[in-house]
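**Q** Here it is, the structure, as structure tokens.
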Amino acid sequence: MEEVKERWKVFSPATGKEIAEIDETPLAEINFLYDRAHAAFSGWSGLTVSERLVYFKKLRLIMVEQMDEIAEVIAMDTGKPKTEAIVADIMPTLDAIRHIEKHAVKSLSKQKATTPLLLIGKSSHVEYMARGTVLVISPWNYPFQLAMVPILNAAAAGNTVIAKPSEVTPLVGKCMERLFKEAGFPDGVIDFAHGGKALGATLTDQNPDYIFFTGSVRTGKIIGEAAAKKLIPVTLELGGKDPMVIFEDANLERAVNAALWGAFTNSGQVCMSVERVYVERSMYEPFLMLLKEKVNELTQGTELSDDIGSMTYPEQLTIVADHLEDALKRGAVLEAGIPPDKWVLGDTYFLPPIVLSHVNHSMKIMNEETFGPVLPIVAFDTEEEAISLANDSQFGLNSSVWTMDQAKAARVASKLVSGAVIINDVLISVANHNLPFGGAKQSGIGRYHGENGLRMFCHEKSVMTDSG
Ligand code: ADP
């Protein structure tokens, strides 16, 4: 393997200023990383869960102590407001640690199984055995949370971990690496590789015992294919095109607020962003009017008080512009925001929130993942039509149903093809670490969080005993 030591400059998307230079992990070091992870495995997996949790507590305390500093790095690297960094990157990670500290011992201990009459005299149980070395490849939109949560679950279950954070937000990658060092995790238990696609592909090409990937559908398929050739198990957390279905008896103001939050938080760069809104026709006009009024009250910037930050990744702007141009060309009406030909961006990527009406499913904006601050709205007439529109998508990550009629909500929720359905709210499914999280259809394979979040990183071993 050729040793190439690449350096790359990092620019903040919110200021356009150069903020650091990063050394890429040389490809020649990858074998060394795997050797180190394999060497550390027997010591780490040989600890009891409680012994491992000591390091998690240290990490949690360090994170609380350094919250502001970590938020600053995330905000600078992504262009999101600091509040968003705290609320949606750091807090969910702390919550995941808390969940692990509370539940890991029980979730990973032997589970006694009942013995059928036929096998009388024998006893059975299931053991959870760490798999080995887990490769975690993560994206740039929530660069802290989406790397930390799988890393922590894999390590709590006794695996060693190699993490490859996104090259788009490398300072966050460096920051996470430093935090694990400061928490004193033993050498080789959690290592980081810094770099881009080629590095990710080379890491995948080795022999990790499990791959946990969060990112685009396109890359997820490449990784899934590479893993399948070697029978390496994977979790793929991919994209979404999440619908909100709003019936006429919904609380109008709450639904409007949720649409704004769901579509524009993190500038829409959220896998479970609200990317489609279907409103019952009698509610359509009042919904649109209130939405247009409120969208103008949102502030943009990276201060604690700001609602929306900048986009993170310039290439994403091209996709957003392409979807908008396609929609506008086919008759969509811009209800709020600025069309792409009038964007003035320079070195920063602040996009004002965009609201569209007169959209339909022939447009990219309604069937491809936009991953930007765009909210398209469609009117519907019947419950069946709403379900059919919501399900008319290649994706199925999250959905929400809005109505005061609980029976109707339950009926619609049960028919939506989606990894999670939220009734009268949006985005919050991810906040409950007791719930499995993941997607249907092109949104991915596998579920994490909850008991499964730990057990997925283990071999389940069934043991039967005859007392002899
Ligand atoms: P995005 O970050 O835009 O969601 P990707 O899905 O391409 O886009 O990236 C997610 C993560 O996957 C990043 O860490 C990236 O470096 C990594 N990556 C991209 N291509 C590959 C690949 N072929 N093999 C392994 N990792 C990859």
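**Q** Find the Rg to Rh ratio for region 204-252, where Rh is the Kirkwood radius over alpha-carbon pairs and Rg uses the same atoms. Display every interim value, and only then the final one.
**A** Numbers: Rg = 17.2 Å, Rh = 12.9 Å.
On the Cα set of region 204-252, Rg over Rh gives 1.33.
**Q** Something else now. Take the Cβ-Cβ distance between Asp347 and Glu253 as r, set R0 to 35 Å, and report the resulting FRET efficiency rounded to the nearest 0.05.
**A** Numbers: r = 38 Å, r/R0 = 1.08.
E(calc), rounded to 0.05, equals 0.40.
**Q** Using a basic spin-label model with each label point 7 Å from the Cα along Cα→Cβ, how many nm lie between Lys197 and Glu293?
**A** The modelled label-to-label distance comes out at 4.7 nm.
**Q** Another question about this same structure. When you count, for each residue, the other Cβ atoms within 10 Å and take the mean per peptide, how do 199-211, 166-178 rank with the highest first?
**A** 166-178, 199-211
**Q** Rank by packing, highest mean first: peptides 286-293, 419-426, with packing defined as the count of other Cβ atoms within 10 Å averaged across residues.
**A** Taking the mean over residues of other Cβ atoms within 10 Å, the ranking is 419-426, 286-293.
**Q** What is the extension gain from Ile319 to Ala410, computed as 0.36 nm multiplied by their sequence separation minus the C-alpha to C-alpha distance, in nm to one decimal?
**A** Here the answer is 29.2 nm.
**Q** On each of the three principal axes of the Cα atoms of region 332-439, give max minus min coordinate, whole Å, ordered largest first.
**A** Projected onto its principal axes, the Cα set of region 332-439 covers 48, 36, 26 Å.
**Q** Here is a follow-up. Counting Lys +1, Arg +1, Asp -1, Glu -1, what net charge surrounds Ile62 among other residues with beta carbon under 12 Å of its beta carbon?
**A** After counting each charged neighbour, the total is +2.
**Q** Over the chain, what relative contact order in percent results from Cα pairs under 8 Å that are six or more residues apart? Please list the in-between numbers first.
**A** Numbers: 1004 pairs, mean separation 87.0, N = 468.
Relative contact order here is 19 percent.
**Q** Please give, to one decimal in nm, the separation of the simple spin-label points placed at Asp187 and Glu18, each 7 Å out from Cα toward the Cβ.
**A** Label-label distance for Asp187 and Glu18, simple model: 3.4 nm.
**Q** Okay, helix-only estimate at 222 nm for the chain: each DSSP H run of n ≥ 4 adds -39500 (n - 2.57), divide by all residues, round to 500 deg cm²/dmol; what do you get? Let's see the in-between values first.
**A** Working: 16 runs with 189 residues, N = 468.
Result for the chain: -12500 deg cm²/dmol, rounded to the nearest 500.
**Q** Based on the Cβ-Cβ distance from Ser362 to Asp68, what FRET efficiency comes out when R0 is 56 Å, to the nearest 0.05?
**A** 0.75
**Q** Right, another one. Of the peptides 68-74, 326-332, how do they stack up when ordered by the mean number of other Cβ atoms within 10 Å, highest first?
**A** Working: 68-74: 18.4, 326-332: 16.3.
So the order, starting with the most tightly packed, is 68-74, 326-332.
**Q** Work out how much length Arg218 to Ser462 would gain on full extension: take 0.36 nm times their residue separation and subtract the Cα-Cα distance, in nm to one decimal.
**A** Gain on stretching Arg218 to Ser462: 84.2 nm.
**Q** Something else: Based on alpha-carbon centroids, what's the gap between region 118-154 and region 371-418 in Å, whole number please?
**A** What the calculation gives is 32 Å, centre to centre.
**Q** Going by how many other beta carbons lie within 10 Å of each one, how would you line up Ile428, Ile137, Ile162, fewest first?
**A** Ile428, Ile162, Ile137
Every read-out reported here was derived from the displayed coordinates using simple, explicitly stated rules and does not represent laboratory data. The shown structure was predicted, so the numbers you read here are calculated from the model rather than taken from an experiment. With ideal geometry, Cβ positions are generated from the backbone for all residues, glycine too; neighbour counts draw on all protein chains shown.
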